[in-house]
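A short write-up of the structure that comes next.
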Amino acid sequence: MNDDRQLRSLIGLGRDEFEKLLNEFTSCLKEDQRKNRKGKPKKHRQRKIGGGRKSALGSPENQLLFILFYLKNYPTYDVLAFTFNISRGGAFESVQRLLPILKQTQKNLNVLPKRTTDDPQEILQLVESVDHILIDATERPIQRPQKPARQKKHFSGKKGFHTVKNTMVSDTDKRILILGETVPGSQHDYSLFKQEFDPKIDWFASTQASTDLGLPRHQDGLFIARKYSYSS
């Protein structure tokens, strides 16, 4: 796929970013296959080298496109199977297999965000390393839970459907620096933020921070108006 705009709409990455990720992802795929072969008991070979079952998704490029498409859009497995012309079971198995490989790829490229459960000093140092940060809570839809209690817990009045959300801190180059816990969509953005970032710590004293309207503009011990700019 050479249409950069279309690729971004499908997976959130442009062609150059995708190619950079693909190189390391291919290496991680090969390493995963090597480990799986090494871990299996030796048997008398029945077929020539290179034979055997191949991935239903084909090339590493298509496998990376598949898992990024899943993470960007969160379709049902039926929709995912139809889109990539594989079985529903194959779609599920591919997601479970490729998610750890993608995470290892990101780890190798040093692009995984920090978690707010990490050492506070490490989080502070990360925030201090940039001049301007963006703070937001991002939501994504999930399939409607079967149990009424879970339906209520995950229903987002803001979005009008069932979601999960995370607090996200990024820089102006759209690089995600910190990613909070995944919680049900009914939780308010501000209460989630205070849960992730202890109000007793002045996390953003050394940088300019912009937030959306879900976080307060007044002084309340967490945000100080003279220090922070706000955007809608």
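Laboratory data are not the source of any read-out in this text; all were calculated from the coordinates shown. This one's a predicted model, so the numbers in the text were calculated from it and none came from an experiment. Virtual Cβ from ideal backbone geometry, glycine too; neighbours counted across all protein chains shown.
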Fill in the blank from the handout: Here FRET efficiency (C-beta to C-beta, Asn62 to Gln6, R₀ 22 Å, nearest 0.05) is 0.90
Practice task
Using only the C-alpha atoms of the stretch 58-99, find the volume of their convex hull and express it per residue in Å³.
Solution key: 60
Fill in the blank from the handout: Between Asp198 and Lys30, the FRET efficiency computed from the C-beta separation at R0 = 45 Å comes out, to the nearest 0.05, as 0.60
Problem - Nonlocal amide H pairs with Phe161, under 5 Å, H built at 1.01 Å - result: Ser156
Problem - Spin-label pair Gln146/Asp16, simplified geometry with 7 Å Cα→Cβ offset, distance in nm - result: 4.8
Fill in the blank from the handout: Taking 0.36 nm per residue of separation between Arg88 and Lys107 and subtracting their Cα-Cα distance, the length gained on full extension comes to 3.9 nm
Exercise for the section: Sort all Cα-Cα distances of the stretch 81-195 into consecutive 5 angstrom bins from zero, then give the percent of pairs in each bin up to the one containing the longest distance. Expected result: 2, 10, 15, 16, 17, 17, 14, 6, 3, 0
Handout entry: Cβ-Cβ FRET estimate between Ile176 and Arg37, R0 fixed at 25 Å, reported to 0.05
Key = 0.15
Exercise for the section: Could you check the simple spin-label distance between Arg97 and Asn73, using points 7 Å along Cα→Cβ, in nm with one decimal? Expected result: 2.1
